[in-house]
There are 2 protein chains.
Amino acid sequence: MSALISPSRRLRRTPFSEGVEAAGAKAYTVYNRMLLPTVFRSVEEDYHHLKSAVQIWDVSVERQVELRGPDAGRLMQMLTPRDLRGMLPGQCYYVPIVDETGGMLNDPVAVKLAEDRWWISIADSDLLLWVKGVAWGLRLDVLVDEPDVSPLAVQGPKAEALMTRVFGDSVTDLRFFRFGWFEFEGRSHVVARSGYSKQGGFEIYVEGSDAGMPMWNALMEAGRDLDVHAGCPNLIERIEGGLLSYGNDMDKNNTPHECGLGRFCNTETAIGCVGRDALLRVSREGPVRQIRPIEIHGDAVPSCDRPWPIMDDGEQVGQVTSAAWSPDFDVNVGIGMVRMTHWKAGTDLDVVTPAGVQVATVREVFWN
Amino acid sequence: MSALISPSRRLRRTPFSEGVEAAGAKAYTVYNRMLLPTVFRSVEEDYHHLKSAVQIWDVSVERQVELRGPDAGRLMQMLTPRDLRGMLPGQCYYVPIVDETGGMLNDPVAVKLAEDRWWISIADSDLLLWVKGVAWGLRLDVLVDEPDVSPLAVQGPKAEALMTRVFGDSVTDLRFFRFGWFEFEGRSHVVARSGYSKQGGFEIYVEGSDAGMPMWNALMEAGRDLDVHAGCPNLIERIEGGLLSYGNDMDKNNTPHECGLGRFCNTETAIGCVGRDALLRVSREGPVRQIRPIEIHGDAVPSCDRPWPIMDDGEQVGQVTSAAWSPDFDVNVGIGMVRMTHWKAGTDLDVVTPAGVQVATVREVFWN
């Protein structure tokens, strides 16, 4: 498929779209009904640059669901099987969100601003509607809304160098998945050490659309000698690093345990969370299929735009849902869901791509 | 913006994608995280053809939310301010769905299959999550899920001629917004007289993805001498006809009354519906802004990919959210939300497009 994307208001622009366009974005995806660039120079060129320099990413599509009010903390704990009792303001937690059957509805990052104020920085599903529905059904005393907050990520080995120039040296004190408030042009913004790459970096939760382009421009300006460039989550790099993508590698048919997120489920102690009954069983027995790194041998694979069956001896034993040629590892890197009978590292399998059957091997760990 | 769309599993293909691709779809949008073609030959050529012949549309993106069980009817009434007490199995109702503040969450079509089984054929938001959240919060005795049902629309003046060839003469007995069960290759499918155009036609709720391409091919085959062609909702035609688009012309900031959907709100009698308190007030006082047909004079406007301010004497009094050049009416047709002070038919206003300021006039009724 090589087709154009039709613009409309429904595919929302972001506070940084002007910068993204000026930087020459060549392709987009739609994520949370908003535009997310996918390619600037080329996926491979963007990949090498991300691993060696620093990029500014418009990740406004990570919309926030804000919970505010006396029942905010109670609701937040109800939404996830991860035990949040030890979580402090200033921390970010990766939290699986499941429905009553234990099926994944989203895999967001919870940002605890205060005891009675949280942001849920979401993956690609209208989690706002789930949270509002639950809160309304239970008549909780909480406001649930999408604030005017648009994350801007600074990713790559030179991210810290760039960030200190704009936000000062104290930004280096931030530990992974911690955040602080940092000032820019007279306004305070949440800055976290986080991001959807394995190259290190930060996410700035830009509050107020009007602050978008000034922030973008300031970072571009300050990083000129660091070879800063506009970028975006990179398909190859995120597969190498084993970063899952909701909607691609998992959906509401999967439990967190199938996604390898069992360590984020404290189902015994997360009393009152949605899906607890279903997950208690899974957490004891373990899943019967699970996410695995899949190395696909042979030629570069085409775009993975639909699940590719994983076969053994004529029987389907799983599916590949993300794949790309990796220049650094000189092989096709992939993410798949594989049945227990075949998920052991070293198992050889057949992957059926639209281009034909390619031999593949289950790996122990992701590449990076 | 002239950019490519990046394929991934997350942007779901449909049971008819193979046919859509073979027919030469040139551009897509993403709707309910699924691909929706937007152009085949050209938007104008598709438009003339839709108005003169018959088209097959892949509208799988109209996903179904199925409610099934003892509380299905109670939940359905809770979801909408439209009074559903007189609705019979075999009927389709256009139902505004609002949150507790009366803000539009979706504007779907409810399909009553039986007293205890409903489909909600949704516009572009994950209504499934809202319905599941409400049902879970209230501990209702109902199953809520997305079934494997993908609508295929047959639209245009020759739609009836084509449909009778595949489903028999009895399909002509269907009245507007009524449905029946019709057999195709040994399986029964819901067929309704409905569709997102003003040219007349039907929607086939194709059950089972495996039935997709056989159905597509049978319709294409049967309609060869009727000049049948693959098509899709047409931007120009739908604006001329005043068909609103959720996410474009309205969103959760708007009440049904602002969208001109007050006639579908029986807030007095729809006891127990979400948002009743908020809407009772609006229904008595009326909205302070409302959807209006906007005729934009001058040159053909660019793509409306963001709200265009409507100005009068330096003050913003509304916004245009959909617009296109109409070959048949020889003017730019538009849909806008206009403040009460300026919504009277005949009022002249300025519309600020990225191409400049163009004079516009509020119309009494849509073009078609």
- Message: Restricting to region B:1-51, name every residue that is among the small types (Gly, Ala, Ser), crowded, with 21+ Cβ neighbours inside 10 Å and free of Cβ contacts under 8 Å to residues at least 60 places away in the same chain.
- Response: B:SER6, B:SER17
- Message: Quick check on my filter: what residues within region A:139-180 are at positive phi and in the same structural domain as A:GLY201 (by TED's automatic domain parsing)?
- Response: A:GLY156, A:GLY168, A:PHE177
- Is it true that some residue in region A:189-203 is of a type in the set (Ser, Thr, Tyr), over 17 Å from the mean Cα position of the chain (by Cα) and not assigned by TED's automatic domain parsing to the domain that holds A:PHE329? no
- Task: Report, by residue number, each residue of region A:259-276 that is buried (at least 22 other Cβ atoms within 10 Å of the Cβ) and touching a strand residue (DSSP E or B) at 6+ places or on another chain (Cβ under 6 Å).
- Result: A:GLY275
- Message: With the requirement that a residue be out of contact with any strand residue (DSSP E or B) (no Cβ under 8 Å at 6 or more places or on another chain), crowded, with 19+ Cβ neighbours inside 10 Å and either modelled with pLDDT of 95 or more or part of a loop (DSSP other than H, G, I, E, B) (or both), what does region A:277-295 give you?
- Response: A:PRO287
- Among the numbered criteria (1) within 12 Å of another protein chain (Cβ to nearest Cβ); (2) assigned to a helix (DSSP H, G or I), which single criterion is violated by B:HIS48? (1)
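Please tell me if B:LYS158 is among the basic types (Lys, Arg), more than 27 Å from B:MET87 (Cβ to Cβ) and either buried (at least 16 other Cβ atoms within 10 Å of the Cβ) or modelled with pLDDT under 95 (or both).
So B:LYS158 fits the description; yes.
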- Query: Does any residue in region B:56-77 that is over 18 Å from B:PRO96 (Cβ atoms) come within less than 7 Å, Cβ to Cβ, of a residue that is in a helix (DSSP H, G or I) six or more places away or on a different chain, and which pairs are these?
  - Reply: B:ILE56/B:TRP216; B:ILE56/B:LEU219; B:ILE56/B:MET220; B:ASP58/B:VAL20
- Message: I'm trying to understand the selection: among the residues of region A:282-316, which are in contact (Cβ under 8 Å) with a residue 60 or more places away in the chain and β-branched (Val, Ile, Thr)?
- Response: A:VAL282, A:ILE294, A:ILE296
- If you go through region B:319-368, how many residues are more than 13 Å from B:HIS297 (Cα to Cα), more than 14 Å from chain A (Cβ to nearest Cβ) and assigned to a strand (DSSP E or B)? 2
- Query: Quick check: is even one residue across region A:344-358 of a type in the set (Gly, Ala, Ser) and crowded, with 20+ Cβ neighbours inside 10 Å?
  - Reply: no
- Item | Sole residue being β-branched (Val, Ile, Thr), in contact with a Lys or Arg (Cβ under 8 Å, 6 or more places away or on another chain) and either over 30 Å from B:ALA3 (Cβ atoms) or modelled with pLDDT of 95 or more (or both), chosen from A:VAL61, A:VAL39, A:VAL65 | A:VAL39
- So which residues in region A:320-368 are out of contact with any Pro (no Cβ under 8 Å at 6 or more places or on another chain) and either β-branched (Val, Ile, Thr) or at pLDDT below 95 (or both)? A:VAL331, A:VAL338, A:THR341, A:THR347, A:VAL357, A:VAL359, A:THR361, A:ASN368
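Yes/no per residue for (1) over 21 Å from the mean Cα position of the chain (by Cα); (2) among the acidic types (Asp, Glu):
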site	(1), (2)
B:CYS92	no, no
B:ASP107	no, yes
B:ALA110	no, no
B:ILE122	no, no
B:LEU143	yes, no
B:PHE167	yes, no
B:ASP173	yes, yes
- Among the strands (runs of 3 or more DSSP E) confined wholly to region B:56-168, which include 2 or more residues that are away from chain A (no Cβ under 12 Å) and of a type outside the set (Val, Ile, Thr)? B:64-68, B:92-94, B:109-114, B:117-121, B:149-155
- Residues of region A:15-40 being more than 7 Å from every other protein chain (Cβ to nearest Cβ), within 20 Å of A:LEU235 (Cβ to Cβ) and among the hydroxyl-bearing types (Ser, Thr, Tyr), in sequence order, are A:TYR31
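Select from region B:204-213 the residues that are of a type outside the set (S, T, N, Q) and either outside any strand (DSSP E or B) or not assigned by TED's automatic domain parsing to the domain that holds B:SER52 (or both) and list them in ascending order. Reasoning before the result, please.
Kept after step one, since they are of a type outside the set (S, T, N, Q), are these residues of region B:204-213: B:204-208, B:210-213.
B:GLY208, B:ASP210, B:ALA211, B:GLY212, B:MET213, listed by residue number.
The values are calculated or read from the model by the stated rules, or taken from the named source; none is laboratory data. Values in this document were obtained by computation on a predicted structure and should not be read as measured data. Every residue, glycine as well, gets a Cβ built from its backbone with ideal geometry; the counts of neighbours run over all protein chains shown.
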